[in-house]
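First the structure, in the form of C-alpha cells, and then the observations on it.
Coordinate-derived values only; no laboratory data. Worth saying up front: this structure is predicted, and the values here are computed from it rather than measured. All Cβ positions, even for glycine, are placed from backbone atoms using ideal geometry, and neighbour counts span all protein chains on display.
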Amino acid sequence: MFVRGLKRKCFDGEEDIEGTLAGIKAIPSYNLQRQSLLDMSLVKLQLCHMLVEPNLCRSVLIANTVRQIQEEMTQDGTWQMINTQSTGQASLDRLVSTDILCRSSRDPAEGKHVPGYGTFSKDFESDQAQDSSETMSTASSVQAPRNLQSNMWEMETPQENKGNFQKSLDQIFETLENKSPNSVEDLFSEVDNSYYDLDTMLTGMMSNTKMGHCDSLETFSSPTNTASNSNCKSDLNDLDHIVEILVES
Amino acid sequence: GFGSLMQDVLWCFSQVKGTIDPGVTEADIISTVEFNHTGELLATGDKGGRVVIFQREQESKNQPHRRGEYNVYSTFQSHEPEFDYLKSLEIEEKINKIRWLPQQNAAYFLLSTNDKTVKLWKVSERDKRPEGYNLKDEDGRLRDPSMITMLRVPVLRPMDLMVEATPRRVFANAHTYHINSISINSDYETYMSADDLRINLWNFEITNQSFNIVDIKPANMEELTEVITAAEFHPHHCNTFVYSSSKGTIRLCDMRTAALCDRHAKFFEEPEDPSNRSFFSEIISSISDVKFSHSGRYIMTRDYLTVKVWDLNMENRPIETYQVHDYLRSKLCSLYENDCIFDKFECVWNGSDSVIMTGSYNNFFRMFDRNTKRDVTLEASRENSKPRAILKPRKVCVGGKRRKDEISVDSLDFSKKILHTAWHPSENIIAVAATNNLYIFQDKVN
C-alpha cells in the first residue's frame, strides 16, 4: 500500500545525468510509485482488449493517467534518464511495455511532446504497411502503445482491427518471451486476482519455447481449467474462431 | 409530509429476494433496479439478461403492519448473449438499465437495454380464456368439420392469473459503443439511448431509424480523452436533456437549437481543487450517474467519492457536495490496482427531493438529508434481516481507536458493493441491490 501525498521535488535544470540520478535517488519512493503506477496502467491497457469488448470509459481513463505520468516524467527530466538506462539490467525488472515506451526513436530534447500518444500517429501511418511479423526493432517498439490504443478505441473497421490485433499480439507475446520467469513472478507476487489472467497466461507461455499465434491463444483457455475466474469467458470454439480470423488475415 | 427529516425516519428491514447461498452465480448479479411511476411495480435486471418484476400486494385491513409486500409478478428473459462475428467479441446480455413508461392502459410497458439493443416489453395480465370453440376441441386439436352438428358461441371463462411479457419493439443496430443510459421523454413518444460516444433519439413506434443528437467521437480516435457516462431527459421539458462525462462535466442541451446537439446550452463543471490533485484526480471525478430532481430544478451527480447537487441556474459549481466515503481517498492506489476505482455507483432522489441516497462498499448505503444536513450509513445484510427490525446506523472508523460498533477501513469488503438503489416515488420504501440479493426497506410504521 503506497503512501500518498509525498511532495514532489523539482529538478532545477540539471543537465548532468549523474546529478539527475542523485536527485532522483534522494526521493526514490515517489519515482518508484509513479513508475509502478505507469507499469500497472500499461498492464491494465493490455489486458482489457483480450476477449470481451473493452470498457471504453475505463480504457480512456487509464490512458489519460498514463499520459499524465508521461508528461510529468518528461517535465521532470526522468524520462530522459530512463532512456539512457534502458539497456541496463534494471529494465528487466519493469514490465517490458515500459521498455517499449522508453526506447523512443526520437530525442525528447527536441522539445516535441514525444511520449504523448499524439506523435505516434505519423509513425503509425507510415509503418502500417510494414510486415507484421517484424522483430522488435526500436521503430516497431514505439508502435506498441499506439497500436494498443488504436486497437482499444477503433472498433469500427474489422479489417484494420484484425491487423492491429495481430500486431499488438505479436508484440505482447514476443516481448513477454524475453522476460525471465523470476522477475515476472516477483512483479506479480502481490497482485490480486484481477491479474490472474495475465499471470496464468505468462506461466503458460514460459513453459513453451517458440510459440505461434495459435499456441499462444490456446493458453488463454487454460485459466478456465485451472481456476474459475469468471472474467475469462474463453470458449474454445470462440478461440478457434479468433485464430481462424488471424490466420486468414 | 412523509417523514423527510432524518431524525423522524427509522428504516426497517422489510424483505429480501434472492438466494441465501453464499456462492454467487454471476448471472444472478442484479445490474439495475427501478420502481414504476406509481411504485406498484419494482423491476430488476440481472447479468444473465433476465428481468424480474415484483408487484406490491394490496394492503390488508387484517394485517396493517404488513405494509404491502412485494411479490414476484413476472419473470422473463429480456436479452440473450450474442456474438459479434465481425469483431470476434461477445455482446453481454447483462441488463444495464430498465425504465418504465407511465401506465396508459391495463398493460405495463418498460424499456430494457443491454450494451447494444433496447427492447420495449409489454407486461399484461390474462385471467380469462375463451372456451367452446367450434373448430377445435378443448385440447386444441382440430375437429373434423363433417362431424360438427351444431354451432355454439365461445364464452370467456375465468382462469388462473397469468402474466405475460411480450417484446413489442426491438431497437437494434444503432450503437457502436456500449449503451450506458436510456431515458424516456416527458412527451412519452420518444426516448433516448446513450453510449460512450453518442446519444440517439428514438420514436417508440419506429425501430429502423433513430436520430443522432449527440456525437463526441473525434475524427481521429487517438484524440479520444473523454466519454459520455450517463444521460437523462428533463422530467417536464421535452426539449431538454443532460449528459455527463468521464471528466466530471455535465452538459445541458436543448434540442430546439439544432438537430445535432453538439453545442451545449449549459456546461456544469466544478473547478479542480489544486491541493487534492493526484494522478487519480481525473478518474475519481468521472461521473457515474446523473439524475434530475423530480421538480426539474436540480441535477444530482455521483462521482467516485462524492454526490453533488447542482442548481440548473448555476454552472460554475454545485450547490451541495456530500462525502460518501472520503476515507477511501488515501486508498486510491489500491483501489486503482483492484479496479474498484472504476465502479459505477448510482444515486437517487426521494419523492420530495429532500433526501438523496447512494451506495458504497461493504454493502453500506448512505442517505443525505438536504434540509437538516444529517446523513446516515446503513447496511444491507442478512444479519439485519428480521422482519421489521430497525436498521442500526453503521460507522466507519478512520483512524485512532476503533469503537465497539465501528468497522475499520481495512476491514471493508470491497467485493460487496451497492451500485444500484431505487426509491419509491411517493413513500419511504427503498430497494437496494446487494450483488445477487434485493433488499427492501421501509420506514417504521407508527
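Taking other Cβ atoms within 10 Å as a rough exposure proxy, B:397, B:333, B:347 sort from fewest to most as B:397, B:333, B:347. Per-residue extension of 0.36 nm, minus the Cα-Cα distance of residue B:395 and residue B:334, leaves a gain of 19.8 nm for this segment. If a spin label sat at a point 7 angstrom from the Cα of residue B:371 along the line to its beta carbon, the backbone N atoms of segment B:280-305 nearer than 17 Å would be those of B:294-295. Applying a 4.7 Å Cβ-Cβ cutoff to chain B leaves B:12, B:238, B:333, B:340, B:347, B:397 as cysteine residues with no disulfide-compatible partner. Lysine pair count for segment B:82-145 with Cα-Cα distance under 29 Å and sequence separation of 8 or more or different chains is 12.
Computed on chain B, with alpha-carbon pairs under 8 angstrom and 6+ residues apart, the relative contact order is 15 percent.
Which entries in the list B:47/B:266; B:386/B:416; B:47/B:344; B:344/B:386 go over 27 Å, if you measure between the two C-alpha atoms of each? In this structure, B:47/B:266; B:344/B:386 exceed 27 Å between Cα atoms.
How would segment B:9-55 be classified by its alpha-carbon gyration tensor: rounded, prolate or oblate, with rounded meaning a/c under 1.5 and the a/b versus b/c comparison settling the rest? It comes out oblate by the Cα gyration axes. Comparing B:153, B:307, B:409 in a Gaussian network model of chain B, where Cα atoms under 10 Å apart are tied by springs, the biggest mean-square fluctuation is seen for B:153. Between residue B:408 and residue B:156, residue separation times 0.36 nm minus the direct Cα-Cα distance comes to 84.3 nm.
Multiplying the residue separation of residue B:267 and residue B:127 by 0.36 nm and removing their Cα-Cα distance gives an extension gain of 45.2 nm. The calculated pair-distance distribution of chain B uses every alpha carbon pair, bins of 20 angstrom beginning at 0, and gives 23, 55, 18, 4, 0 percent.
With the Cα gyration tensor of segment B:293-427 giving a ≥ b ≥ c as the square roots of its eigenvalues, does the rule (a/c under 1.5 for rounded; else a/b larger than b/c for prolate; else oblate) give rounded, prolate or oblate? Oblate. Under the simplified labelling scheme, the residue B:103-residue B:206 pair shows an inter-label distance of 3.1 nm, with each label point 7 Å from Cα along Cα→Cβ. Summing charges over all other residues whose Cβ lies under 12 Å from the Cβ of residue B:352, with Lys and Arg as +1 and Asp and Glu as -1, gives -2.
How large is the helix-only mean residue ellipticity at 222 nm for chain B, computed as the sum of -39500 (n - 2.57) over DSSP H runs with n ≥ 4, divided by its residue count, in deg cm²/dmol to the nearest 500? Computed mean residue ellipticity for chain B: -500 deg cm²/dmol.
With a Förster radius of 25 Å applied to the C-beta separation of residue A:71 and residue B:221, the computed FRET efficiency comes to 0.80.
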